[in-house]
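The values are calculated or read from the model by the stated rules, or taken from the named source; none is laboratory data. Computed from a prediction, not measured in an experiment: that's the story for all the values here. Cβ coordinates were reconstructed from backbone atoms using ideal geometry, including for glycine residues, and neighbour counts include every protein chain displayed. Areas reflect the complete protein model, heavy atoms only, side chains present, ligands, DNA and RNA absent. Shrake-Rupley method; radii C 1.70, N 1.55, O 1.52, S 1.80 Å.
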2 protein chains.
Amino acid sequence: MSPSYPAPAGWPAHATIREVGLRDGLQSLARVLPTEHKLQWIQAAYDAGQREIEVGSFVPARLLPQLADTAELLAFAKTLPGLVASVLVPNLKGAQRAMECEAELMLLPLSASHAHSLANLRKTPDDVGADIARIVQARESSGSRTVIEVGISTAFGCTLQGRVEPAEVLRLVRAVLDAGADRVGLADTVGYADPAMVQSLFALVLPVAGDKLNCGHFHDTRGLGLANVFAALQMGVTRFDACLAGIGGCPHAPGASGNVSTEDLAYLFASMGIATGQDIPALLALRERVASWLDGETLHGTLWRAGLPRTLLPAGTVPEASCA
Amino acid sequence: MSPSYPAPAGWPAHATIREVGLRDGLQSLARVLPTEHKLQWIQAAYDAGQREIEVGSFVPARLLPQLADTAELLAFAKTLPGLVASVLVPNLKGAQRAMECEAELMLLPLSASHAHSLANLRKTPDDVGADIARIVQARESSGSRTVIEVGISTAFGCTLQGRVEPAEVLRLVRAVLDAGADRVGLADTVGYADPAMVQSLFALVLPVAGDKLNCGHFHDTRGLGLANVFAALQMGVTRFDACLAGIGGCPHAPGASGNVSTEDLAYLFASMGIATGQDIPALLALRERVASWLDGETLHGTLWRAGLPRTLLPAGTVPEASCA
């Protein structure tokens, strides 16, 4: 697809969208999507050009039965050439499973909100930082090649605590990088970020983290998800998490929008002439299948209603109806 | 409301949201909203701090029966102190009515897409430019003080024609300013713009139009509405059109998102510490009333589901449920 306008000088040529719908998305829904559908989802996402997929989380099945089949999904994902399959792990035990299953990457969440960290894990952010240090040591001693990425959650604010100090986010990023984490990302877990906040926080953290800070995880809870992505992109960030159909909302705010939707994010980049390798019509077709599997759930995203603009349609496609 | 973070140096202190739901929004719906409800909408929008409202359009009632009561709405709007009431006018006849009714501002659309202009008005863009020149002359000879703003529609692309050349947009802006238009705005009528496009087109036109270019009109058809607003804001644009509940979609793409939603846009600015004078809880309350009046229509916008973040809640408000 060629952009309507050439990308301005200074824009990156490529950006990466990591699909987290199978983890962040599905964990937010009460229902359990059958493994068979998840396997079809992973295959179709791969066929649509997705090369980074978070397939699940190594947490006790009694806590998140929706993700109980993570090991099976990971085993399948590893059969797809060039696919970087990641899993979320909350602790050393989960990290050991991720390394045993040879996940390419494990995502370790660390909440910058003291209140959120205590409520979720009954640990302070510094306790979680100490766990991360132990996980890094376990990885070193095991000789595992699983990449360790720390996601700083509630980095832009917290529903329990309210404001989260940027200086605290910076302190925690420094701590986990000192502990040996390979990568770090900033996550707007509850949809409190705005584009100015995004630019000021990345401006604060990037000089310390450099290219080890390489992921923006934004929710569209209040409609600013893609504006926040654009703001981060302007700061040089080129890897973003997204969920197909924008699932991943907060279970306590039924119907509230979730993660930025994969298909809308892929369209943003395609329109700007930034290559992601994703086939948008194929993503929209997969969205329809996922919507049928999740019948009754509130889905999100916008592009699916109107379709691609005429300027981005693959050759031979019939454009949408005229608004003239 | 105080922002979570102070607005970075260089951000404007104030921005203006012009409510166009009563015109761009309602004209896209088949139903006719009773005048009584429109009057309540205008009063409540005014009470919520809105000071620029496009109340309707002076077009033949047989073409847009939804807007047949524009003169009555305008007369009421003029009784509200400090409210700038605008109307859209498609031709000299409509302009004469707007001046007779002493509208503070009349919006004249000029489509930069040749195909769109012919399909909508059976006139070329240059023919429309000549009409605008005649309207300016009529305003001068009548001594009317109605401000003339030209909205360059399909400035970022067209569902019929596809790409619209930036050079053509620049040529038309120059022509209408030479003809004596007081102001000009750029409109993404069909939702083809992306943030890079927005910045490159405003960068092209601003040196020619200066502060006479003072409105961005964005649709959220494909999810990029607020990202486009942010991109324009970075170019120094501080006046934006919006529709409460994001109505204003294309009648040929049922359910497709419409204009950027007023409440989400007001939240974007409030979170960034940019004053708009709008009371967001009051806007959300009005949205509920409008939703009941428009029962059965597809509405849009995102903030209404989750509510304001704890960091922006008025003192004494109970925050939303926790996502922890």
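The table below gives the values:
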| read-out | value |
| --- | --- |
| Residue check, B:Leu308 within 20 Å of A:Leu226 (Cβ to Cβ), facing chain A (nearest Cβ under 7 Å) and either part of a helix (DSSP H, G or I) or touching a helix residue (DSSP H, G or I) at 6+ places or on another chain (Cβ under 8 Å) (or both) | no |
| Matching residues in segment A:103-122 - criterion: being polar (S, T, N, Q), farther than 15 Å from A:Asp24 by Cβ and either out of contact with any strand residue (DSSP E or B) (no Cβ under 6 Å at 6 or more places or on another chain) or assigned to a loop (DSSP other than H, G, I, E, B) (or both) | A:Ser113 |
| Qualifying positions in segment B:280-308 - buried (at least 17 other Cβ atoms within 10 Å of the Cβ) and of a type in the set (D, E, K, R) | B:Arg287, B:Glu297, B:Arg305 |
| Where B:Gly249 falls short, out of the listed (1) farther than 18 Å from B:Val190 by Cα; (2) crowded, with 24+ Cβ neighbours inside 10 Å; (3) facing chain A (nearest Cβ under 9 Å) | (1) |
| Residues of segment A:76-89 that turn out to be open to solvent by 60 Å² or more (accessible area, probe 1.4 Å) and either charged (D, E, K, R) or not in a loop (DSSP other than H, G, I, E, B) (or both), as a count | 1 |
| Subset of segment A:179-200 that is within 14 Å of chain B (Cβ to nearest Cβ) and small (Gly, Ala, Ser) - its residue that is farthest from A:Val136 (Cα to Cα) | A:Ala196 |
| Some residue of segment A:115-123 being away from chain B (no Cβ under 14 Å), surrounded by fewer than 22 Cβ atoms within 10 Å (Cβ to Cβ) and within 30 Å of A:Leu73 (Cβ to Cβ) | no |
| Within segment B:143-161, considering residues that are crowded, with 24+ Cβ neighbours inside 10 Å and assigned to a loop (DSSP other than H, G, I, E, B), the one modelled with the lowest pLDDT | B:Thr159 |
| Which numbered condition A:Gln66 fails, given (1) modelled with pLDDT under 95; (2) outside any loop (DSSP other than H, G, I, E, B) | (1) |
| Exclusive hit being out of contact with any helix residue (DSSP H, G or I) (no Cβ under 6 Å at 6 or more places or on another chain) and either modelled with pLDDT of 95 or more or at positive phi (or both), set A:Asp194, A:Asp211 | A:Asp211 |
| Strands (runs of 3 or more DSSP E) within segment B:162-242 that include 1 or more residues among the aliphatic types (A, V, I, L, M) and surrounded by fewer than 24 Cβ atoms within 10 Å (Cβ to Cβ) | B:213-218 |
| Criterion violated by B:Lys38 - all others in (1) modelled with pLDDT under 95; (2) not in a loop (DSSP other than H, G, I, E, B) satisfied | (1) |
| Qualifying residue in segment B:255-266 (condition: under 12 Å from the mean Cα position of the chain (by Cα), within 14 Å of chain A (Cβ to nearest Cβ) and in a helix (DSSP H, G or I)) | yes |
| Positions within segment A:90-102 being in contact (Cβ under 8 Å) with a residue 40 or more places away in the chain and either part of a strand (DSSP E or B) or open to solvent by less than 20 Å² (accessible area, probe 1.4 Å) (or both), in sequence order | A:Ala95, A:Ala98 |
